[in-house]
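The structure appears right after this line, and notes come after that.
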Amino acid sequence: MSADVSCRIAWGDDAPALAQVQVEAWRSSYADLLPAEVLDALDAETALEGWRHVLRAAPDARNRVLVALERSRPTGYVLTGPGTDPDLDSMAVGEISDLTVAPAERGHGHGSRLMQAAVDTLRADRFVRAVTWLPTTDDAQRRFWTDAGWAADGAHRTLDLTGDGSVTVKQVRLHTDLG
């Protein structure tokens, strides 16, 4: 008997589950990267409003939210759209801006399914190349992407999460050919 797993475009009704997955995953994934007070301040109710907005009003028809499911229960999500970096051609380069799987669901193939669904979606939207940004310190996540054929393209950035320089995250950009 095989598991009932799939990926699909997210619906408005998925917003509460996506907010919960986001909060749980960020608290787990970024525990070594962000201060505890930043992670403790995350809550599903606040995230819920953001998800409702994203699912209701995409800024571009090529912005998509895909959700991984086990039966009908959301286990993760991925965001795709045109590349946002100034050195990219947003007509040719797509971006995976967030791929997140609930901590309890990791290692069950949901991340790989989401990545493949995102790549298929970017191809369908006629992008020829894709990029994503990862924290420089997350070796496991980087291995996940490079094992799937992605590679660093030489771009780096530092995100200032608080606006005052007290919480920064260094990232590296990975890319892949969609041809």
**Message:** Regarding region 94-107, can at least one residue be identified that is in contact with a Pro (Cβ under 7 Å, 6 or more places away or on another chain), in contact (Cβ under 8 Å) with a residue 40 or more places away in the chain, surrounded by 14 or more Cβ atoms within 10 Å (Cβ to Cβ) and under 27 Å from D139 (Cβ atoms)?
**Reply:** yes
**Fill in**
Per the filter on region 169-179, residues assigned to a strand (DSSP E or B) and surrounded by fewer than 11 Cβ atoms within 10 Å (Cβ to Cβ) are D177
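Matching residues to (1) touching a Phe, Trp or Tyr at 6+ places or on another chain (Cβ under 9 Å); (2) closer than 23 Å to V169 by Cα:
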| position | (1), (2) |
| --- | --- |
| V5 | no, no |
| I9 | no, no |
| P16 | yes, no |
| Q22 | yes, yes |
| D32 | no, yes |
| L48 | no, no |
| L55 | yes, no |
| P59 | no, no |
| L66 | yes, no |
**Selected residue [closer than 25 Å to A31 by Cα, among the basic types (K, R) and modelled with pLDDT of 95 or more] from R143, R123** = R143
**Request:** Look through A61, A68, A57 and report the one residue that is surrounded by fewer than 14 Cβ atoms within 10 Å (Cβ to Cβ), more than 14 Å from D125 (Cα to Cα) and among the aliphatic types (A, V, I, L, M).
**Result:** A57
**Fill in**
Here the residues within region 1-40 that are closer than 30 Å to T158 by Cβ, small (G, A, S) and surrounded by fewer than 10 Cβ atoms within 10 Å (Cβ to Cβ) are A36
**Request:** Could you give me the residue pairs with C-beta distances under 9 Å whose first residue belongs to region 28-57 and is closer than 21 Å to Y77 by Cα, whose second residue is at pLDDT below 85 and among the hydroxyl-bearing types (S, T, Y) wherever it lies, and which are 6+ apart or on separate chains?
**Result:** L39/Y30
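The values are calculated or read from the model by the stated rules, or taken from the named source; none is laboratory data. What you see is a predicted model; the values in this text were computed from it and never measured. A quick note on method: Cβ atoms are made from the backbone with ideal geometry, for glycine too, and the neighbour counts reach across all protein chains shown.
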